[in-house]
Amino acid sequence: MKTLDEAYKQWQAMQPLEEWQQRLMNKKFTIEYNYNSNHIEGNTLTYGQTELLLLFGVTSHEGHVKDFADMKASQVGVEMVKEAVEDRSMPMTQNFIHQLHKIILREDYTVYRDLPGGMQTSYTVHAGQYKTRPNSVITRYGDRFEYASPEETPLLMTDLVDWYNTAEQAGRLSPVELAALFHYRYIRIHPFEDGNGRIARLMMNYILARHGWPMIVIRNRNKAAYLEALHRADMAVGTVPSQGARATLVQVKHFVKYIKGTIRDEILCDIAIVGNRDKDTWWYDGMMLKFRSESGSRILHLMKENPTITYDKMAETLGVNRSAVQGTVERMKAKGYLERRTAEGTWYVFALPSREADNR
């Protein structure tokens, strides 16, 4: 297995990407980042719904309106980050973080909570404003973990942004170390009433992109390992929020190690995708697909080339019986690789080919 430095050097050697490769990477990141970052926080849209929404503007009745709105807002946040890193001479500011949060949440909203005895309480979540009430989390081990108080938050966020700008100028920490340490310190402050995890991951990518590193995805399937890495860092730092907000690289070494491993794996995945010239190699959510037979790839290509193709036409083209095609399609539908809204409707292929027809 390559080290992170080896993977990064190999990726750099492949730059600049060809136009079709860059389109492929942009499409991949748009779908995979937004799907995974939002799913970590409980968004219920499927991978396919995410792609249909962000690439085609298609929504369905099979999902909460808020989940669709959150997913669209997430992509606006991604675009804001990409735009911000174009001018790397500008320092990080709290105003940028406030604006990013306002984009992600879109507007203020009220949360209602049931209390014992049939009573109810409520509070308002403010978009783009630091929290006005304490926040905490029940950990996977059943403990209540307190974040910085509303009174502490403005000063701790000022310290965090000042620290980042100073550390970036000093150059003693690598971009990956800066990104991981910022993420951890930010999470220990938890400056907003909602959206902190999404902002932490966007800001981590902001820092990476500022220094020429590819933006990466923390995948929902690895959520347990992600939270465990944060937990191990918490155990080393302690429970006092101000200590967490000023944690050292040594104290959060377990989280830094996790982030380094994640970045390495994501870079190697990107290298494998853009470096693969085999049109029958397909990818889905960062994983190479393995089909039971070669007809799996051929079916996906047929659907991409003719989105309204029938089962009979696919069977005729492949020289197999209709039931074999249907069986293969049903298995791929169950795994989320494709979808068709109605019995005779359009096929949507969510798996990503290494080479599309117009790129050969």
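The values are calculated or read from the model by the stated rules, or taken from the named source; none is laboratory data. Since this is a predicted model, take the numbers as computed values, not measurements. Here the Cβ is made from the backbone with ideal geometry for all residues, glycine too, and neighbour counts use every protein chain on show.
Among the residues of the range 247-266, those that are in contact (Cβ under 8 Å) with a residue 24 or more places away in the chain and touching a helix residue (DSSP H, G or I) at 6+ places or on another chain (Cβ under 7 Å) comprise A247, L249, V252, H254, F255, V256, Y258, I259, K260, I263, R264. Here R188 meets the list (1) more than 21 Å from M92 (Cα to Cα); (2) out of contact with any Lys or Arg (no Cβ under 7 Å at 6 or more places or on another chain); (3) assigned by TED's automatic domain parsing to the domain that holds K102 almost entirely, failing just condition (1). For the residues L54, L4, the requirement of being in contact (Cβ under 8 Å) with a residue 60 or more places away in the chain and farther than 20 Å from S354 by Cα singles out L4.
The set of residues in the range 107-136 being within 28 Å of R232 (Cα to Cα) and exposed (fewer than 13 other Cβ atoms within 10 Å of the Cβ) consists of R133, S136.
For the range 138-146, the count of residues that are surrounded by 15 or more Cβ atoms within 10 Å (Cβ to Cβ), assigned by TED's automatic domain parsing to the domain that holds G238 and at pLDDT 95 or above is zero. Sort out which residues of the range 32-51 are free of Cβ contacts under 8 Å to residues at least 40 places away in the same chain and in a helix (DSSP H, G or I), and write them in order of number. Result: Q49, T50.
Against the conditions (1) over 19 Å from the mean Cα position of the chain (by Cα); (2) at pLDDT 95 or above, where does D265 fall short? Just the number, please. Result: D265 fails condition (1) only.
Exactly one residue out of N43, N26 is buried (at least 17 other Cβ atoms within 10 Å of the Cβ) and either modelled with pLDDT of 95 or more or in the same structural domain as G195 (by TED's automatic domain parsing) (or both): that is N43. Return the residue satisfying two criteria in turn: it lies in the range 52-72 and is among the acidic types (D, E) and part of a helix (DSSP H, G or I), and of such residues it is surrounded by the most Cβ atoms within 10 Å (Cβ to Cβ). Only one residue tops the list, namely D70.
Against the test of being surrounded by fewer than 16 Cβ atoms within 10 Å (Cβ to Cβ) and of a type in the set (V, I, T), the options V250, V274 yield a single qualifying residue, V250. Residues in the range 150-190 that are under 20 Å from H231 (Cα atoms) and either among the small types (G, A, S) or modelled with pLDDT under 95 (or both): A179, A180.
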